[in-house]
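The values are calculated or read from the model by the stated rules, or taken from the named source; none is laboratory data. Because the structure is a prediction, the values reported are computed rather than measured. Neighbour counts are summed over all protein chains in view; Cβ atoms, including those assigned to glycine, are modelled from backbone coordinates with ideal geometry. With ligands, DNA and RNA removed, areas are computed over all heavy atoms of the protein, side chains included. Shrake-Rupley method; radii C 1.70, N 1.55, O 1.52, S 1.80 Å.
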Amino acid sequence: MHVRRRSGRAARFTPDFDPDHGDRPLTEARQDIVIGRWQGVRDLLASTGENPARRTHRLRLLAHAAAGSSAVEAWRAAEPDNPDAAVLRAATEVVRIFDTAIAAGRGAAVDRGRLDATVDTCLGAAQAAPDDPMPWVSLLTVARLHEGGVPRRQLRQWFDEVRRRDPYHVEGHAQLLRYWSARWHGTHGAMYDFARDAAGVAPPGSPLPVLVQLARVEEYRYIADGALGRGPVRGFDQHWKHELAVTELRRTYARWIGGREPGRPVDPEEVVDLNYLAHAACYAGQVEIARELLGMLGPRASWVPWSFTGEPAEQFVRFREGLGVV
């Protein structure tokens, strides 16, 4: 959004880090949670309809808002047969247990009883909402907290349940990608193999190929964290712009953006994934692609992935100005 200074000169562009990415009904529902009301949340989820990406976007942000209140418990008590309440409660419990794990510090063991209770809550939500992939996405998310991981057969079953309901569910794939990352229970190779396999079967116009760029960010985080305080990593300056990185960036752009309806506005649920692709294009020096993607985004920035490579607003503004995006 451009504003004018009193002098009449245009102020410097300011990115908008609204976590809802312009989804005003979601913003209102999250504000309801803050004051302990759940009725707006119920109505929002009921009106979201059959759009899995929007439903996932809303549920994730509602869960983060609900984690610090008792609103979701109040809803469950008032409407115990409402499947949306069960699904949101499961997602909220996952946020809470991750908050506890983060507070304890990386490497600290998570209480097994609480972990099992969270899994049971997710399985209960899956029974309450048999057509909804989100309880299974919640299970894939909490799987990362199991010491040593979860049995492969179980992990595969949870992932198959997601794909049975939505074969190209981006968030479900993203959670399993993180599970297979070197930061958790896998390796860089396992993570990239998973991302490339998923990207390869995605239909035109699906954002799923951006998993490859998400994997590149995960690798960057892992290596940067390991190098902290020991100087730069040799060859790391080429991480974003070596031949394979550029080829995969261009492939994601062609399959996703090239398959979208031309001129279609960017939906709130697309904003984070589009920021991942724009970030990759900017750091790969792919000028035309970066200019188009930043133009599509307008002021809508997301904290990640920019926060992993510096100060988010500074980078977002610098690249836009350098590329002449208006």
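Under 10 °C and 1.306 mPa s, how fast does the stretch 213-326 diffuse according to Stokes-Einstein, given a Kirkwood radius computed over C-alpha pairs? Answer in µm²/s, whole number. Don't skip to the end; give the middle numbers.
Values: Rh = 14.6 Å.
In µm²/s, the coefficient is 108.
Give me the net charge of VAL246's neighbourhood, meaning all other residues with Cβ under 13 Å from the Cβ of VAL246; Lys, Arg count +1, Asp, Glu -1.
Within the 13 Å Cβ shell, the charges total +1.
If packing is taken as the average number of other Cβ atoms within 10 Å across a peptide's residues, how do 198-208, 110-120 rank, most packed first?
Numbers: 198-208: 17.4, 110-120: 14.9.
Result, highest mean first: 198-208, 110-120.
Any idea what angle helix 112-128 forms with the longest principal axis of the chain, computed on alpha-carbon atoms, 0 to 90 degrees, nearest 10?
Long axis of 112-128 versus the principal axis of the chain: about 90 degrees.
Students often get this wrong, so try it: which of [x] 59, 45, 40; [y] 59, 53, 29; [z] 54, 48, 41 is Cα extents along the principal axes in Å as calculated from the structure shown?
So the structure-derived entry is [z].
Just by accessible area at a 1.4 angstrom probe, what is the order of VAL246, VAL326 from largest to smallest? Display every interim value, and only then the final one.
On the way: VAL246 25, VAL326 150 Å².
Largest to smallest exposure gives the sequence VAL326, VAL246.
Can you show me the helix-derived [θ] at 222 nm for the chain, built from DSSP H runs with n ≥ 4 at -39,500 (n - 2.57) apiece and divided by the number of residues, rounded to the nearest 500. Kindly include the intermediate steps, with their values, before the conclusion.
Values: 16 runs with 202 residues, N = 326.
Rounded to the nearest 500, it is -19500 deg cm²/dmol.
Give, as a single signed number, the net charge of other residues whose beta carbon lies under 10 Å from the beta carbon of LEU59, with Lys and Arg counted +1 and Asp and Glu -1. Walk me through the numbers on the way to the answer.
On the way: positive: ARG54, ARG55, ARG58, ARG60; negative: ASP84, ASP132, GLU171.
Overall, the nearby charge balance is +1.
Which of the listed residues, VAL170, GLY186, ALA117, is farthest toward the dipole's positive end in the stretch 67-223, when Lys, Arg count +1 and Asp, Glu count -1 at the beta-carbon?
Looking along the dipole axis, the top candidate is GLY186.
Take the alpha carbon atoms of the stretch 306-322, find their center, do the same for the stretch 106-138, and report the distance between the two centers in whole angstrom.
A separation of 36 Å, based on Cα centres.
Gap in Å between the Cα centre of the stretch 29-91 and the Cα centre of the stretch 247-288?
The two parts, judged by their Cα centres, are 30 Å apart.
Per residue, how large is the accessible surface of the stretch 152-301? Use a 1.4 angstrom probe and give square angstrom. Working shown, then result.
Working: 6870 Å² over 150 residues.
Result: 46 Å² of accessible area for each residue.
Would you list SER70, SER302 from the most to the least accessible area, probe 1.4 Å?
From most accessible down to least: SER70, SER302.
Roughly speaking, to the nearest percent, how much of the chain's 1.4 Å accessible area is carbon and sulfur?
52 percent
With all protein chains present and a 1.4 Å probe, how do THR121, THR247, THR92 order by accessible area, largest first? Walk me through the intermediate numbers first.
Details: THR121 40, THR247 60, THR92 0 Å².
Listed by decreasing accessible area, they come as THR247, THR121, THR92.
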